[in-house]
């Protein structure tokens with residue numbers, strides 16, 4: 001058997017990577033973990049801060065390029081205990097997002113997310129989060145599904161809730177509440193690394209093939225008769 005040359009190995013690897021990049025997990029499911037109790041600032045490993053709501057004059061501001069936040073009836077809360085406050089986030093004195101009943105907030109990501117988390121207070125049964133991604137990925141978690149079963153609704157409860165998408169890529173996250181209200185802060189996530197488009201992969205593979213043909217032709221010319 002002719003030994004595989006480095007060029008052939010490289011070409012074969014490129015094909016495998018291309019196929020893997022275009023394939024989507026067939027049975028990806030959201031995995032929930034609750035970490036950093038009463039700590040709004042510690043993020044899961046690999047995640048970066050996306051929105052902190054500290055600019056009350058621009059509540060839809062995000063901290064990273066490629067993200068947009070649409071607040072449909074949601075507002076920025078602060079100064080807990082004052083008239084009109086909506087809830088509490090323990091150990092979080094900064095501005096935070098509050099989603100009242102029948103309102104929502106939607107985060108869009110151009111590049112996509114592999115995981116997502118937020119610091120949440122008052123685990124209520126009427127809050128929900130929906131994850132929408134590529135290849136038909138669409139899952140919604142309600143109430144205790146977001147908090148590993150806890151629905152105590154205590155205003156003294158605060159924790160970072162982390163969602164892992166099991167290899168799927170999520171581009172849209174919809175946060176909703178049917179009661180008063182969903183309070184959260186410091187949205188974070190692991191951004192999906194850029195992957196070439198299928199057309200780019202096709203051009204690369206054709207290029208590898210052309211290089212291989214040229215090298216084979218050159219080898220044939222140089223081989224002594």
Please work out if residue 81 is crowded, with 18+ Cβ neighbours inside 10 Å, in a loop (DSSP other than H, G, I, E, B), over 18 Å from the mean Cα position of the chain (by Cα) and modelled with pLDDT under 90. no
In the range 59-67, is there at least one residue being at pLDDT 50 or above and part of a strand (DSSP E or B)? yes
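In the set 128, 181, 177, which member is in contact with a strand residue (DSSP E or B) (Cβ under 7 Å, 6 or more places away or on another chain), buried (at least 18 other Cβ atoms within 10 Å of the Cβ), over 16 Å from residue 109 (Cα atoms) and at pLDDT below 90? Show your work before the answer.
Working: 128 fails: at pLDDT below 90; 177 fails: at pLDDT below 90.
After applying the criteria, what remains is 181.
Take residue 89 and tell me if it is under 16 Å from residue 186 (Cα atoms), part of a loop (DSSP other than H, G, I, E, B) and at pLDDT below 90.
Working: under 16 Å from residue 186 (Cα atoms): yes; part of a loop (DSSP other than H, G, I, E, B): yes; at pLDDT below 90: yes.
So residue 89 passes the test.
The values are calculated or read from the model by the stated rules, or taken from the named source; none is laboratory data. As the structure is a prediction and not an experimental result, all values here were calculated from the model. Methodologically, a virtual Cβ is constructed for each residue, glycine included, from the backbone with ideal geometry; neighbour enumeration extends over all protein chains shown.
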